[in-house]
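Peer 1: Sharing a structure below in structure tokens format, with a few things to ask.
The values are calculated or read from the model by the stated rules, or taken from the named source; none is laboratory data. If you're wondering where the values come from, they're calculated on a predicted model, not measured in any experiment. Every residue, glycine as well, gets a Cβ built from its backbone with ideal geometry; the counts of neighbours run over all protein chains shown. Heads up: the accessible areas ignore ligands, DNA and RNA and are worked out on the full protein's heavy atoms, side chains in. Shrake-Rupley method; radii C 1.70, N 1.55, O 1.52, S 1.80 Å.
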Amino acid sequence: MEPSQWLLTKSERGNPSTVLDDRHDDDRAWSTGNLVRPLIHGATYFPALYDVLESTRAGDLVYFTDWQGDADERLTGEPGSEVLEVLGRADERGVDVRGLVWRSHLDQTGFFAAENRHLGEQLQKRGAEVLLDMRVRTGGSHHQKFVVVRFHDDPARDVAFVGGMDLAHNRRDDADHGGDPQPQLLTKEYGAHPPWHDVQVEIRGPAVYDVETVFRERWQDPTPLSRSPIRKTVDYLRHDDTSPDGLPEQWPPPPEAGPHTVQLLRTYPDLRRGRDYPFANGGERSVARGCTKAICQAERIVYVEDQYFWGHGVAEPFESALAANPGLRVIVVIPLVPDIAGLNRLPQELGRERALGRMMRVAPGRVAAYGLENHAGTPVYVHAKVCVVDDVWAVTGSDNFNRRSWTHDSELSAAVLDEEYARNLRLVLAAEHLDRLEEVSERGLEETVADCVEPAGMFDAYAATAAALETWHRGGCVGDRPPGRLRPLPLPRISGWARRWAGPVLGIVHDPDGRPRSISGGTRY
């Protein structure tokens, strides 16, 4: 296939300030020769990360970013595998460990400033250079979640991890979805150990250099880490490091490692008033542009797993593709219930209705939305950010399908252009949600989910599984539980007065618009 049909060119990225694509020829904005492996669930990702970090030695590099960080989160479940200990030991061995952790809004607003500060300060005490970064748009965040590891004497071992998983509590769950033994409470529906579904990708090959470049651009930004005089005073009194040391010269890209073409997609907001990032003057919208371009190519299936899936703007590319292709089907898997209780839940439900309801009206019978539950009947919190289009293009990253991720926060995702990779990612997720993972090792993936290989078959298999489980619940859970984890996603009817109240709350609090004001009335990205 022609990559430019599916991937953004340099000009389509729309960010002439970045050096991310400088090493690529002509108008190309992607890397070839990579090997990408999806790591589904924290119980898969964290041990893989642990092994890589423990293998580093003096002269190697470890660069990471985090939205939320818990110093005591254990990567393997064993004592000594805590995030703080693993990164601290690496620095003590002579590894150059550096991190950019979002400073976070106040704990009283439902965030985790104390936890992020604790991780940053404790790592600084161990010798690593970790900065608390608040160079964001008002109400925004640094939402990127990635780790880059480079080996000075063996570049073939270089690796990057990109996706939706923070180094934090709740993430170390597995396919059984019993929850992380180190939990962080959500709402009462999710119980004491919230089940958590998430995806990260492991990248080897030249694209590792590109991920490192993303880190370097943020690290070398000369703008102060915070503009708040209160925060500056606190940092001074705590003796926190607020001035990043210079980085060593970037090493050449690692050698080719596989057949995958990888493109990095990012969001950076337009900070305005002369405060823009030097590497994204006016912001960058390549997440929104890249997803929109791929979805508009869809003819058979778009499969989405997402934390939110909100709003009119998100629905528009799907509506266009559905209207243009009568054989196209869309499957969306998101949390059964939002992670916010009380009146704040209503704006999130309105956001879902604005996206999914519109799509269902455009293409009746061709759009389906589901949530997940474990075998105990507890909802699974879907935190994955995955989209697969026509078994050709697949993206995994930190961004959700909402306006905030497409315009307001910093995000990083990795799009892979490869038919076998995209199809296998879709099918292995289907095997989990249909309760067939245990069969894969014996029968192989495609034979285990043979009914899902064709998009129409997957659409029907999900519908049948969800219907059987819903019938069992409505019957009082009598008899054996049907196989599968899928539940039909309810779209509540929202009255006029509720819409008038919830709409502004959704737009201002939960899903703000970070585009320039000159185009804030439209959906241009």
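Peer 1: Kindly provide the set of residues from region 310-333 that are in contact (Cβ under 8 Å) with a residue 60 or more places away in the chain, open to solvent by less than 10 Å² (accessible area, probe 1.4 Å) and assigned to a helix (DSSP H, G or I), ordered by number.
Peer 2: Selection gives V314 alone.
Peer 1: Would you check if there is a residue in region 49-58 being more than 20 Å from the chain's Cα centre (by Cα), buried (at least 23 other Cβ atoms within 10 Å of the Cβ) and under 17 Å from V147 (Cβ atoms)?
Peer 2: The answer is yes; a qualifying residue exists.
Peer 1: Do any residues in region 1-13 that are touching a residue at least 12 places away in the same chain (Cβ under 8 Å) have Cβ atoms under 7 Å from those of residues that are surrounded by 15 or more Cβ atoms within 10 Å (Cβ to Cβ) and of a type in the set (V, I, T), where the two are at least six apart or on different chains, and which pairs are they?
Peer 2: Correct list of pairs: M1/V392; P3/T261; W6/V392.
Peer 1: Test R289 against the criterion of being on the phi > 0 side of the Ramachandran plot and open to solvent by 10 Å² or more (accessible area, probe 1.4 Å), and give yes or no.
Peer 2: no
Peer 1: Pairs, please: C-beta under 6 Å, at least 6 apart or cross-chain, first residue over 24 Å from E299 (Cα atoms) and in region 440-457, second open to solvent by 60 Å² or more (accessible area, probe 1.4 Å)?
Peer 2: Within 6 Å, the pairs are T448/E439.
Peer 1: Tally time: how many residues in region 258-287 are without any contact (Cβ under 8 Å) to a residue 60 or more places away in the chain and among the small types (G, A, S)?
Peer 2: So the count comes out to 1.
Peer 1: If a residue has to be open to solvent by 40 Å² or more (accessible area, probe 1.4 Å) and either modelled with pLDDT of 80 or more or among the basic types (K, R) (or both) to count, how many in region 502-512 make the cut?
Peer 2: Step one: of region 502-512, the residues open to solvent by 40 Å² or more (accessible area, probe 1.4 Å) are 504, 508-509.
Add one more test, that the residue is either modelled with pLDDT of 80 or more or among the basic types (K, R) (or both), and what stays is 504.
Total satisfying the criteria: 1.
Peer 1: Identify the single condition in (1) touching a helix residue (DSSP H, G or I) at 6+ places or on another chain (Cβ under 7 Å); (2) more than 30 Å from T9 (Cβ to Cβ); (3) assigned to a loop (DSSP other than H, G, I, E, B); (4) open to solvent by 10 Å² or more (accessible area, probe 1.4 Å) that L336 does not satisfy, given that it satisfies every other one.
Peer 2: Only one criterion in (1) touching a helix residue (DSSP H, G or I) at 6+ places or on another chain (Cβ under 7 Å); (2) more than 30 Å from T9 (Cβ to Cβ); (3) assigned to a loop (DSSP other than H, G, I, E, B); (4) open to solvent by 10 Å² or more (accessible area, probe 1.4 Å) is unmet by L336, namely (1).
Peer 1: So, one more: Could you please give the count of residues in region 257-271 that are within 15 Å of S141 (Cβ to Cβ) and surrounded by 24 or more Cβ atoms within 10 Å (Cβ to Cβ)?
Peer 2: Residues that pass the stated criteria total 4.
Peer 1: Turning to a different aspect of this structure: Out of all the residues in region 478-500, which are open to solvent by less than 60 Å² (accessible area, probe 1.4 Å) and farther than 25 Å from L437 by Cα?
Peer 2: L491, P492, I494, S495, G496, A498
Peer 1: What are the residues in region 185-219 that are touching a residue at least 40 places away in the same chain (Cβ under 8 Å) and open to solvent by 50 Å² or more (accessible area, probe 1.4 Å), if any?
Peer 2: Those that are touching a residue at least 40 places away in the same chain (Cβ under 8 Å) and open to solvent by 50 Å² or more (accessible area, probe 1.4 Å): K188, E189, R204.
Peer 1: Open to solvent by less than 10 Å² (accessible area, probe 1.4 Å), in contact with a Cys (Cβ under 7 Å, 6 or more places away or on another chain) and over 22 Å from V148 (Cα atoms): is that true of A430 in this structure? It would help to see each step written out before you state the result.
Peer 2: Numbers: open to solvent by less than 10 Å² (accessible area, probe 1.4 Å): yes; in contact with a Cys (Cβ under 7 Å, 6 or more places away or on another chain): yes; over 22 Å from V148 (Cα atoms): yes.
Yes; evaluated as a whole, the condition is true for this residue.
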